[in-house]
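Right, one structure below, let's go through it.
The values are calculated or read from the model by the stated rules, or taken from the named source; none is laboratory data. Here the structure is a predicted model, which is why all the values come from computation and not from measurement. FYI the Cβ positions are ideal-geometry reconstructions off the backbone, even for glycines, and counts take in every protein chain you see.
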Amino acid sequence: MAFNLKSFFGAKPADTKSVSLTDPEAFGLFGVAPTATGITVSANTALRVPAVSCAVGLIAETVGTMPVKVYDRTTKEALADHPAFRLIHGEANPWTSAQDLCEQVTTDALMTGSGFALLTRDTAGTPLELHRIDPAAVQVERQPDGEPVYLVSYENGGQVRHLYTDILHVQPFGGVSPITLGREAIALSLAFEKHIASLFANGARPSGIIKSEKSMDVEAKKKVAASWFNTHSGQNAGGTAILDEGMTYDQLSMTLADAQFADNRVEQIREIARVFRIPPTMLFELTRGTWSNSEQMMRQFYSLCLKPWLASWEWAYSRVLLTPEERAETYIEFNTDDLLSTDHATRATAYGQYRSMGAMTGNEVRRGLNMPDHEDGNTLDNPHITTPANQSDAQTEGDAE
């Protein structure tokens, strides 16, 4: 049976292609993808692999918990009174925080290849709320000039056409989910899990051979095998065996492949880490992790994995929340100080150096520490070598006397 799948999903006739339901191209349309191991990998089955679940949660939760604000391009000050500030730093809508929305949309992008949120405005065009949209309800069309148009299907059966200025759209590298790109590695991990589960279901013992001095027909052999498995597998493994009529049991030794099974499982964790561009130590694969390289891997996690995601989010926010005129004067940016600061001592040293060289005022340092401004904290004077003005005046008067 074959039919026009792309036409069924709303594509233009010129882009249609007839494929059968058994064609590999058809599986992607239904959220599944066959693999060489024979295991079908989808977004839900992939999360059964602990390394995948950890990677998705790590990226989505880290992006969601990082503070993001609207800044003035000239003064570099945060514009807390801008309508977009509340949506990205406070609450996206009355029942969803900005953090939760960012986390949900990032999770959608990691699992399906796209994350969407709908922006609502008042009559004056001011942004009011952001609402997550199920990726399965969105179709993206491209105009001849490349401008995207979004067709959103709602529960009442209607479909609404939205411009790109009303749909927040976040995508991973290439617009394809890492789960889809790494489905072979994920399927192999699932196969390992299935194999080891079967092994422990039999008492974590390899197979053996039952030998008999007497010749038995096929039915007799089946009865002996069934009796053995019922008596000595699963919860009954490890019990005492009683064999009749001169039968003996020879247990097979562990093969080299079985001995290397643990190493193969560890290698699959590393392979999944490569798919998501995450250092293996952050997926709790600590074979080669040390105190010295863990700090460097955190910076690699930011530069190789998080930075492209943050850049994608910053542009997605700017596209729907700022007009072209506003983008010329303001910008949206994530604050990565907490992620890159290793400990309090290192952070204090950095702030002290910035303060001494006149790059930061005292109040700027206090804001970085989430402390209120001080009335004397707006000067760039070096506190280590500069005498306060009131003390200098008192000293001058004393010298004059």
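In region 312-335, the residues that are over 22 Å from PHE173 (Cβ atoms) reach residues that are hydrophobic (A, V, I, L, M, F, W, C) and outside any strand (DSSP E or B) with C-beta atoms within less than 6 angstrom, at least six apart or across chains, in these pairs: LEU321/ALA84.
Taking region 96-132 as the region of interest, how many residues are in a strand (DSSP E or B) and not charged (D, E, K, R)? Selection size over region 96-132: 12.
Looking for something modelled with pLDDT of 80 or more, more than 19 Å from ILE179 (Cβ to Cβ) and in a loop (DSSP other than H, G, I, E, B) - is there at least one such residue anywhere in region 48-71? Within region 48-71, one or more residues are modelled with pLDDT of 80 or more, more than 19 Å from ILE179 (Cβ to Cβ) and in a loop (DSSP other than H, G, I, E, B). Of the helices (runs of 4 or more DSSP H) lying entirely inside region 327-401, those carrying at least 2 residues that are modelled with pLDDT of 80 or more are 344-356, 362-368. If the condition is being surrounded by fewer than 16 Cβ atoms within 10 Å (Cβ to Cβ) and closer than 27 Å to PHE301 by Cα, then region 72-96 contributes LYS76, GLY90. Being among the polar types (S, T, N, Q), modelled with pLDDT of 90 or more and within 22 Å of the chain's Cα centre (by Cα) is true of SER114. Quick check on GLU103: is it within 30 Å of ILE269 (Cβ to Cβ) and out of contact with any Phe, Trp or Tyr (no Cβ under 7 Å at 6 or more places or on another chain)? Yes. Within region 155-176, if we keep just the residues that are of a type in the set (A, V, I, L, M, F, W, C) and in contact with a strand residue (DSSP E or B) (Cβ under 9 Å, 6 or more places away or on another chain), the residue that is farthest from LYS307 (Cα to Cα) turns out to be VAL160. When region 282-297 is filtered for residues that are surrounded by 14 or more Cβ atoms within 10 Å (Cβ to Cβ) and modelled with pLDDT of 70 or more, the ones remaining, listed by number, are MET282, LEU283, GLU285, MET297.
Entry remark, region 166-216: residues being surrounded by 14 or more Cβ atoms within 10 Å (Cβ to Cβ) and at pLDDT 70 or above number 25 in total. I'm checking my understanding of the structure. Among residues of region 253-281 that are charged (D, E, K, R) and at pLDDT 65 or above, which one is nearest to LEU58 (Cα to Cα)? Here the answer is ARG277.
Taking the conditions exactly as written (in a helix (DSSP H, G or I), under 21 Å from the mean Cα position of the chain (by Cα) and either modelled with pLDDT under 90 or among the basic types (Lys, Arg) (or both)), does THR45 satisfy them or not? The answer is yes for THR45. Within region 150-183, which residues are out of contact with any Leu (no Cβ under 7 Å at 6 or more places or on another chain), part of a strand (DSSP E or B) and without any contact (Cβ under 8 Å) to a residue 24 or more places away in the chain? Residues satisfying the conditions are SER153, VAL160, LEU163.
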